[in-house]
Amino acid sequence: MGTVLRAGRGAARVIGVKYGTPLNADAVWDVLENSERRPKRVLMESFCCPSREVVTGGRVAYEEEFDEDAMAHVMASSADPSVRARWSGELVAVVAAMRHGIPVHFCDRLHGVSFNRYLHRSSKEDLFLDLLKAVDRVAKVEDAEMMFSRAVPELWEERHKVATTLIRRAAAELREGEEVVAVVGDWHRQEIEKLWDTDADLDELLVDYPPDPVLSDIDLDKRAAMAALLATTMAYPPQLVLVPGDLAEENRERAGRTYNSYRTLFRRRFHEHRAGWQEHEEVATKEDVAKRLAERASGATLGLLALPRIVNSSRMMLDAAASGAGAS
């Protein structure tokens, strides 16, 4: 189950999952439930802890984020395979880790930092050409995030260096026979395996270039163009690079005008390429298209972002049970 990579006396078991699907969810469960070889730490590229600060390499404070009784109910319910049947691997990882008090750590770099570094590196002219190419590529695939990320070193190579270094260092701290478990996107797993024997400069990779309180026209145009691309392709949330409400008053008019201009251009280009690709798909792979539509209709898998909703539902169930018991 997963790939075992050694570091010093310890080891890291890397399990690839696909976000929003149940891929390898059972494997994650089996590994974390194994009382004979329970991992010392779970490392993940994703988290859902809305009211807590999460930092690269740090522990994600799930036990502080959610109602204790409701979370206990979720953890107990998760032992039933029928409850987990529609859970993604990342959701299973967090709940199973909490069942056994295994700390969960964030082993990725925050997306906002990656985009800040990308925008800092790129000239306005180079960025615009990159975004035009990105529209053309992303329009022809289902997984917009993966396709866009692969073309941007800050979203691909650099992040893999960060994750690999953190996972390997965590494993190297262990004693003989101990291991950590890394639950990462399956495409990231392959890159981590390739980089396993390399060591990155984390201090340099975590340098951030946040926007100035008042943006120059060039920086504002770059961020507005990037936000327009992200809104068009839905590869990432556009708020990662531009939040209109956070802009200085003198930036707002230009931001709106620039964003709308790029949004119109990208949207037209995206839909032109998307229509041609979908027409080809319908003719060439009708069975595949039908299969995808059937899978979507059968009910979506609950990902990690559903955890607050699941905990809230448990809280309501417990409250209803307590109210019924009191009434009787």
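From the residues in segment 312-324 that are of a type in the set (S, T, Y) and free of Cβ contacts under 8 Å to residues at least 60 places away in the same chain, which one is most open to solvent (accessible area, probe 1.4 Å)?
Looking at residues that are of a type in the set (S, T, Y) and free of Cβ contacts under 8 Å to residues at least 60 places away in the same chain, I get S323.
For V55, indicate whether it is among the β-branched types (V, I, T) and surrounded by 20 or more Cβ atoms within 10 Å (Cβ to Cβ).
no
Determine which member of the set R296, R309 is at pLDDT below 95 and loosely packed, with under 13 Cβ neighbours inside 10 Å.
Checking each option against the conditions leaves just R296.
Out of all the residues in segment 51-90, which are in contact (Cβ under 8 Å) with a residue 40 or more places away in the chain, more than 16 Å from V28 (Cβ to Cβ) and among the acidic types (D, E)?
Hits for segment 51-90 are D67, D69.
Among the residues of segment 229-254, write down those that are surrounded by 14 or more Cβ atoms within 10 Å (Cβ to Cβ) and in contact (Cβ under 8 Å) with a residue 40 or more places away in the chain.
Of everything in segment 229-254, those that are surrounded by 14 or more Cβ atoms within 10 Å (Cβ to Cβ) and in contact (Cβ under 8 Å) with a residue 40 or more places away in the chain turn out to be L229, T232, T233, A235, Y236, L240, V241.
Scan (1) touching a strand residue (DSSP E or B) at 6+ places or on another chain (Cβ under 8 Å); (2) within 13 Å of M226 (Cβ to Cβ) for the single condition L119 breaks and write down its number.
(1) is the only condition that L119 fails.
Identify, please: which residue in segment 22-42 is among the charged types (D, E, K, R) and assigned to a helix (DSSP H, G or I) and is, among those, most open to solvent (accessible area, probe 1.4 Å)?
By that ranking, first place goes to D26.
Which helices (runs of 4 or more DSSP H) sit wholly inside segment 75-161 and have at least 3 residues that are β-branched (V, I, T)?
Fully inside segment 75-161 and qualifying: 89-99.
What pairs come out if I take residues in segment 165-191 that are touching a residue at least 12 places away in the same chain (Cβ under 8 Å) and pair them with residues that are open to solvent by 10 Å² or more (accessible area, probe 1.4 Å) and of a type in the set (D, E) whose C-beta lies under 7 Å away, six or more apart or interchain?
Final answer for the pair search is T165/D199; V183/E90; V184/E45; G185/E45; H188/E45.
Filter segment 186-219 down to the residues that are open to solvent by less than 60 Å² (accessible area, probe 1.4 Å), more than 30 Å from D246 (Cβ to Cβ) and either among the hydrophobic types (A, V, I, L, M, F, W, C) or not in a helix (DSSP H, G or I) (or both) and list them by number.
Scanning segment 186-219 gives W187, I192, L195, W196, A200.
The values are calculated or read from the model by the stated rules, or taken from the named source; none is laboratory data. Note that the structure is predicted; figures quoted are calculated from it, not measured. Backbone-built Cβ (ideal geometry, glycine too); neighbour counts: all protein chains shown. When the accessible area is computed, the model is the full protein with side chains, heavy atoms only, and any ligands, DNA or RNA have been set aside. Shrake-Rupley method; radii C 1.70, N 1.55, O 1.52, S 1.80 Å.
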